[in-house]
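Asker: Questions regarding the structure given below will be posed in turn.
Every read-out reported here was derived from the displayed coordinates using simple, explicitly stated rules and does not represent laboratory data. If you're wondering where the values come from, they're calculated on a predicted model, not measured in any experiment. Virtual Cβ from ideal backbone geometry, glycine too; neighbours counted across all protein chains shown.
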Protein chains: 2
Amino acid sequence: MKKMLLTLIAVSCAALSVPAVAQFAKAEDAIKYRKASFTVMAAHFGRLGAMAQGKAPFDAQAAAANADIVASMAKLPWAAYGEGTDQGDTKAKPEIWTQAAKFKEAADKLQSESVKLAAAAKTGREDAFKAAFNATAGTCKSCHDDFRSK
Amino acid sequence: MKKMLLTLIAVSCAALSVPAVAQFAKAEDAIKYRKASFTVMAAHFGRLGAMAQGKAPFDAQAAAANADIVASMAKLPWAAYGEGTDQGDTKAKPEIWTQAAKFKEAADKLQSESVKLAAAAKTGREDAFKAAFNATAGTCKSCHDDFRSK
């Protein structure tokens, strides 16, 4: 009985030490969540892209609002790549887990560049905005190339 | 030719005057976006619910972090209920558009209550947090009852 209790405590502590997994009841919930956060991010990033590529007029206020949302969303998906979330309805490559440090670096890079993008948008300077947009878009592409299946 | 051009301009201006629709290339993109924003919101709201209902220990810092995300996400879905987004992969009821003022009131209520929830979480007082959680959860339920199909 004592042994069973100790095992239970050990299992509970293991769960506590893996907060990324513990935040989701099921792996499929984590996958759905991270895809949803990318969907929201992409919608706002797309509006910035239209401005950066001259398909829509540059509007500093709209750019700042969209970039703020991108910077907020960019913090979210990473906690949802816990153990067991490599299978299912996902394009996540095994390299996310086998090259975890490199994946974290890529995730951090998106977050830091999107913060710079929001700051650049707020200057109202179109050239600064475009440069920061391209730097951020580069982090999307490089992470997708390495860690997302086609 | 001149008439065709004027019609084109009129159509373009009409599109510009409906920013909610213009932000999405297709109705299905808007639907996917609003569902994604609710998915992200629900994940964080669920963690608050676990604390409010005593299924997880109250952790003021985690509660504040999750409530901040809920308050941010609560601003997003509404722009995606533009014209033409009543059909497709959605549980949205026609009342969203036929009772637009009531729907807007419900959307505003979620936003104001979730801001109060984030503030309550930051006080670190469990009773204040629970009360604010219940008030916010009430806005979810009442809006789902009126505007979302089962």
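Asker: Just from its helices, what would the mean residue ellipticity at 222 nm be for chain B, if runs of 4 or more DSSP H residues each count -39500 (n - 2.57) and the sum is divided by every residue, rounded to the nearest 500 deg cm²/dmol?
Answerer: -24000 deg cm²/dmol
Asker: What percent does the relative contact order of chain A come to when contacts are Cα pairs within less than 8 Å and at least six residues apart?
Answerer: Rounded, it is 27 percent for chain A.
Asker: If Lys and Arg each add +1 and Asp and Glu each add -1, what is the summed charge of the other residues whose beta carbon sits under 15 Å from the beta carbon of B:Gly84? All intermediate terms of the calculation are to be shown ahead of the outcome.
Answerer: Working: positive: B:Lys26, B:Lys32, B:Arg34; negative: B:Glu28, B:Asp29, B:Glu83, B:Asp86, B:Asp89.
Local net charge: -2.
Asker: Starting from 0.36 nm per residue, how many nanometres of slack lie between B:Lys150 and B:Lys104 once their C-alpha separation is accounted for? Spell out each step's value before the answer.
Answerer: Working: separation 46, 0.36 × 46 = 16.56 nm, distance 2.04 nm.
Contour length minus Cα-Cα distance gives 14.5 nm.
Asker: A further question follows. For chain A, modelled as a Gaussian network with Cα springs under 10 Å, which listed residue fluctuates most, A:Val70, A:Val40, A:Val115?
Answerer: Largest GNM mean-square fluctuation: A:Val40.
Asker: Taking the Cβ of A:Asp29 as the centre, find all other residues whose Cβ is under 15 Å away and add up their charges (Lys, Arg: +1; Asp, Glu: -1).
Answerer: +2
Asker: Going Cα to Cα from B:Lys104, which aspartates and glutamates come in below 19 Å? Please leave out same-chain ones fewer than 8 positions away.
Answerer: B:Glu83, B:Asp86, B:Glu95, B:Glu113, B:Asp145, B:Asp146
Asker: Now for a different question. Using Cα centres only, tell me the gap between the range A:29-60 and the range B:88-120 in whole Å.
Answerer: Using only Cα atoms to place each centre, the spacing works out to 23 Å.
Asker: Turning to a different aspect of this structure: Quick check: net charge around A:Gly49, other residues with Cβ under 11 Å of its Cβ, Lys/Arg +1 and Asp/Glu -1?
Answerer: +3
Asker: Find the chain B residue whose Cβ sits closest to the rotation axis that carries B onto A, and give that distance in whole Å.
Answerer: Looking at chain B's Cβ atoms against the axis toward A, the nearest is B:Ala36, 2.
Asker: Oh, and also: Quick one: dipole size for the protein assembly as shown, taken about the Cα centre, charges +1 on Lys/Arg Cβ and -1 on Asp/Glu Cβ, in debye to the nearest 20.
Answerer: 180
Asker: Can you sort B:Thr139, B:Thr98 by how many other beta carbons sit within 10 Å, fewest first? Intermediate results must be reported in sequence, preceding the final value.
Answerer: On the way: B:Thr139 19, B:Thr98 10.
Fewest to most other Cβ atoms nearby, the residues stand as B:Thr98, B:Thr139.
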